[in-house]
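No value in this document is a laboratory result; all are computed from the given coordinates. A quick note: this is a predicted structure, and the numbers were derived from the prediction, not measured. Every residue, glycine as well, gets a Cβ built from its backbone with ideal geometry; the counts of neighbours run over all protein chains shown.
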Amino acid sequence: MTPRSVAKALSILLSAFLASGAHAIVNIEEVRGQQQADGLMGNASLSISGDSGNTSKSNVSASSQLFWQHGNVTKLIAASYRYGENSRNRNTNKGFIHLRYIKQQTPARALEVFTQAARNEFSRLSLRTLIGAGTRLTLHKNSHNAVHLGAGAFYLKETLETRPSLLDGGTEKFWRGNFYLALYYQINQQAHIVSTTYYQPALNGVSDFRILEEGSLKIKLTETLNFTLTLALTHDNEPPQTVEKTDVNYKTGIEYRF
């Protein structure tokens, strides 16, 4: 990639977050499994859908990841933005930007340091920022499948939208644990599956926890294009007032790799 194309990709990532909106948990397992050698790589996806006439609906979703590897050190930037309207009323507006530094200490153990910023209008999340670290253990790995376990913690600052009728607005600072199990399975040369389960309990109360289960199927169409199918379930056991505990999201699309 040329410096100009790298700058353009970074601009897209930053604008996706600044536009607004996001999940508390960011799954980066898919891009990990693609890196084969030192250098820079990434992917970007964009989907647009809509209806007009008797039904008026539109949705836009964009995401991108940049991944650098040099020896035993890897660096990652990931960003995503989703926006939707139904009958000209906004019903989706969320996004995030995530940065991660990974140092492979042994073939089976890596150190991870990460930071993130996220917004989600319809979860009343004005802004969430966090910084954390952890250890990643490779329990099994060969050319066709892999099993990874992660454990760590992060410190976050979370600002909720204040509403006159609600009692939980304002800013809160606290710690959460961060644990995940990642599974990778290569079906054949054209298709693979990635499944990741995250568990994030608040360290000051066991009843306050968040869970994400995300599974994705990717089918290689060309050297630069993938067909993708993703299903994600997100659960917040103590969500803000007026916000549902569980969200289910599914999407299909085309992904461009560079």
Report summary line: Taking the stretch 3-257, the equivalent ellipsoid from its C-alpha gyration tensor has semi-axes in Å, biggest first, of 29, 24, 17
Query raised in the report: Taking the Cα centre of the chain as the origin and placing charges on Cβ (Lys, Arg +1; Asp, Glu -1), which of Thr106, Gln69, Ile211 is farthest toward the positive end of the dipole?
Result: Gln69
Query raised in the report: Using Cα pairs under 8 angstrom and six or more residues apart, how large is the relative contact order of the chain, in percent?
Result: 13
Requested in this report: Please work out the C-alpha center-to-center distance from the stretch 195-258 to the stretch 66-139 and express it in whole Å.
Outcome: 12
Query - Most to least packed among 120-128, 144-152 [average Cβ atoms within 10 Å] - result: 120-128, 144-152
Query raised in the report: How high is the FRET efficiency between Leu203 and Glu85 when r is their beta carbon distance and R₀ equals 41 Å, given to the nearest 0.05?
Result: 0.60
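Over 30 Å between Cα atoms, which of Lys75/Lys141; Lys173/Lys218; Lys75/Lys218; Lys57/Lys157; Lys141/Lys251; Lys157/Lys220 qualify? Intermediate results must be reported in sequence, preceding the final value.
Values: Lys75/Lys141 21 Å; Lys173/Lys218 38 Å; Lys75/Lys218 23 Å; Lys57/Lys157 34 Å; Lys141/Lys251 28 Å; Lys157/Lys220 39 Å.
Over 30 Å apart, Cα to Cα: Lys173/Lys218; Lys57/Lys157; Lys157/Lys220.
Rounded to the nearest 0.05, what FRET efficiency do Leu166 and Thr115 have when you use their Cβ-Cβ distance and R0 = 35 Å?
Values: r = 29 Å, r/R0 = 0.82.
About 0.75, to the nearest 0.05.
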Query raised in the report: For the chain, what is the charge dipole size about the Cα centre, in debye to the nearest 20, if Lys and Arg each add +1 at the Cβ and Asp and Glu each add -1 at the Cβ?
Result: 540
Query raised in the report: Taking amide hydrogens as modeled 1.01 Å from N in the peptide plane, which residues meet the under 5 Å criterion relative to Gly169, leaving out close sequence neighbours?
Result: Arg163
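What fraction, in whole percent, of alpha-carbon pairs in the stretch 84-208 exceed 21 Å separation?
Values: 4299 of 7750 pairs.
Counting pairs separated by more than 21 Å, the tail of P(r) holds 55 percent.
So what's the back-of-envelope 222 nm ellipticity for the chain, counting only DSSP H runs of four-plus at -39500 (n - 2.57) apiece and dividing by all residues, rounded to 500? Walk me through the intermediate numbers first.
Details: 2 runs with 20 residues, N = 258.
Mean residue ellipticity at 222 nm (helix-derived): -2500 deg cm²/dmol.
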